[in-house]
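The values are calculated or read from the model by the stated rules, or taken from the named source; none is laboratory data. Since we're looking at a predicted model, the values are computed, not measured. Every residue, glycine as well, gets a Cβ built from its backbone with ideal geometry; the counts of neighbours run over all protein chains shown. Quick note on the areas: whole protein, heavy atoms, side chains included, nothing else; ligands and nucleic acids left out. Shrake-Rupley method; radii C 1.70, N 1.55, O 1.52, S 1.80 Å.
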Amino acid sequence: MVNELLARLGLAAENSGVFTRRWVENPGGEWLESINPSDGKVLGRVRAGSRRDYEECVAAGQEAFQNLSRRPAPARGELIREFGNALRERKHDLGLLITLETGKILSEGLGEVQEMIDMCDFATGLSRQLYGLTLASERPEHRMMEQWHPLGKVGIITAFNFPAAVWAWNAVVAGVCGNASLWKPSPRTPLTAVAVLKILQPLLLRHEALGAATLFVGGNDPALWMAEDERLALVSATGSCAMGREIAPRVAARLGKVLLELGGNNALVVAPSANVELALRAVLFGAYGTAGQRCTTTRRLFLHQDIAHPFLDKLMKACGSIRIGNPWEEGVLLGPMISAAAVDKALEAVTQARREGGELLCGGKKIDRPGFFMEPTLIVASQAMPIVRQETFAPILYAIPYAKLEDAIEWNNSVEQGLASAIFTNHLLEAEKFLSSTGSDCGIVNVNIGTSGAEIGGAFGGEKATGGGREAGSDAWKAYMRRQTCTVNYGNVLPLAQGVRFDV
Ligand code: NAD
């Protein structure tokens, strides 16, 4: 299955991981192995780039930017529209490769490609809507307006768990805005990155835009080169808070722009009036979907004390019925985690939770089969346990009973991250409280919807240690452009602002 799939996507057992205006035949970096987390076997190998290859990527981007930024935005949008169509044609193959490389179930692999397609549609429309305001000038016969211009070259650093969609969120919006982009994917998902660029390559060629999107596969070092590289006007970095703490100060030291999409420790509140069936389904997908490896995964569950016991009973039963297996098989809901090390970390978190007084209701163990599988895990915990305030990127859910909504809100906000949050309630006042300025402090706040699975139409991102960045829809495009305030005097006098006189 693997070899045919790779061939259909233009990949081989060994691949170059550097695309500048062309695939660099023998990049100077190490060989990275792409491992199938379902069986631990090698899917294929990708050769990382050297510093020299990096320089070639940046040079290609610089040249492409000169050309791209002069084109009308709708012409840039046309390239992205065609890319969306190319993705439609390759949806199944690319989705399956994502499933093989990350371990997410096939409907999520396909969903990830659909998200890229949706982003292309969104960005195509956006290419005709890069609007600026006209503002009232205080001076007579003056017009004041805002214009938005491309930034230049944008560096995109991505995480393993959305190996293609997060690049698309950034690259297609940056592209219609007139920027060239340089992508440094996760070293754990290099095949998907190469496959995406293979799909894009003929369109870059046809639109005379080679260099507009370049790829540089590598480990963490190239991410640091990007952070320190003054030629990259913006560095968009998605991954752990620890990574953000390395990248952000380096970009800040050169006074560059940074867009951070970092970790989350997301909570879901179930109030007494909640529709329990709805809440249960949201918790199951939120906590155990994608094997707990989404930035928006539900990690903490605040249950009102009046409904906590029956809810936990139902949750335990449901956990036991989640089908675990090869993620490409029909009916499987829980695939593997990304690596053996990730499973070990998850097991350590379970041990720590138990040491801190947590009660293990189900799961908690590695599954005895090839690959990196872990049981869906449910632990009754308390707000006092330090482990509940850590992001463990695993299918582990901490359930914590609460008495007053104010407490649940305070606990929701008590973690360093501020990504996603949700409340299940049919009580209007509770819902509004959760949404209010004294409610959840997260970037994403949902009512009767789980924490996981955002639509691309909204601006996606979180506050505090999540980094404050916003990507995808709404006006997130503004991060990829520079704002210019322009004032035109169409009169014959030169009045100064604030009535200042300077007559000579
Ligand atoms: P990670 O931080 O290990 O790696 C992400 C990227 O950063 C990779 O390309 C990696 O090479 C690079 N990197 C990592 N550490 C680095 C360092 N010290 N210096 C320079 N570069 C470094 O993250 P991961 O394990 O791939 O993904 C999981 C994490 O990403 C979770 O914390 C998750 O919440 C977060 N995430 C956030 C979002 C979001 O939109 N907020 C989306 C996806 C994932």
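Side notes on the structure shown:
- Test: residue in the stretch 395-417 that is aromatic (Phe, Trp, Tyr), part of a loop (DSSP other than H, G, I, E, B), open to solvent by 30 Å² or more (accessible area, probe 1.4 Å) and not assigned by TED's automatic domain parsing to the domain that holds Tyr480: no
Results for (1) touching a residue at least 12 places away in the same chain (Cβ under 8 Å); (2) more than 28 Å from the chain's Cα centre (by Cα), shown as yes or no for each residue.
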position	(1), (2)
Leu429	no, yes
Gly461	yes, no
Arg470	yes, no
Ser474	yes, no
Thr485	yes, yes
Gly491	yes, yes
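- Being assigned to a loop (DSSP other than H, G, I, E, B) and either charged (D, E, K, R) or more than 26 Å from the chain's Cα centre (by Cα) (or both) is not true of Arg45.
- Filtered by the rule that a residue be more than 6 Å from the ligand (Cβ to nearest atom) and either of a type in the set (A, V, I, L, M, F, W, C) or open to solvent by 10 Å² or more (accessible area, probe 1.4 Å) (or both), the stretch 230-241 gives Glu230, Arg231, Leu232, Ala233, Leu234, Val235, Ala237, Cys241.
- Residue pairs meeting the criteria (Cβ under 6 Å; at least 6 apart or on separate chains; first among the polar types (S, T, N, Q), in the stretch 336-357; second modelled with pLDDT of 95 or more): Ser339/Phe372; Gln352/Ile387
- Any hit, the stretch 175-198, residues being more than 16 Å from the ligand (Cβ to nearest atom), surrounded by fewer than 24 Cβ atoms within 10 Å (Cβ to Cβ) and assigned to a helix (DSSP H, G or I): yes
- Residue in the stretch 209-219 that is buried (at least 24 other Cβ atoms within 10 Å of the Cβ), small (Gly, Ala, Ser) and within 8 Å of the ligand (Cβ to nearest atom) present: yes
- Scanning the stretch 37-66 for residues that are open to solvent by less than 10 Å² (accessible area, probe 1.4 Å), of a type outside the set (Gly, Ala, Ser) and closer than 19 Å to Pro187 by Cβ yields Pro37, Val46, Tyr54, Cys57.
- When Cys486 is tested against (1) within 30 Å of Gly155 (Cα to Cα); (2) assigned to a loop (DSSP other than H, G, I, E, B), just one condition goes unmet, and that condition is (2).
- Put simply, of Leu106, Leu110 the only residue that is touching a Phe, Trp or Tyr at 6+ places or on another chain (Cβ under 6 Å), in the same structural domain as Gly473 (by TED's automatic domain parsing), open to solvent by 10 Å² or more (accessible area, probe 1.4 Å) and among the hydrophobic types (A, V, I, L, M, F, W, C) is Leu106.
Conditions tested, residue by residue: (1) without any contact (Cβ under 8 Å) to a residue 24 or more places away in the chain; (2) outside the structural domain of Phe372 (by TED's automatic domain parsing); (3) charged (D, E, K, R).
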{"position": "Val18", "(1), (2), (3)": "no, yes, no"}
{"position": "Pro37", "(1), (2), (3)": "no, yes, no"}
{"position": "Tyr54", "(1), (2), (3)": "no, yes, no"}
{"position": "Pro72", "(1), (2), (3)": "yes, yes, no"}
{"position": "Arg88", "(1), (2), (3)": "no, yes, yes"}
{"position": "Leu94", "(1), (2), (3)": "no, yes, no"}
{"position": "Thr99", "(1), (2), (3)": "no, yes, no"}
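- The listed residue being open to solvent by less than 10 Å² (accessible area, probe 1.4 Å) and either more than 16 Å from the ligand (Cβ to nearest atom) or touching a helix residue (DSSP H, G or I) at 6+ places or on another chain (Cβ under 6 Å) (or both), out of Ala282, Ala291, Ala267, Ala287: Ala267
- Restricting the stretch 440-453 to residues that are surrounded by 20 or more Cβ atoms within 10 Å (Cβ to Cβ) and in a loop (DSSP other than H, G, I, E, B) leaves a set whose member that is nearest to the ligand (Cβ to nearest atom) is Gly443.
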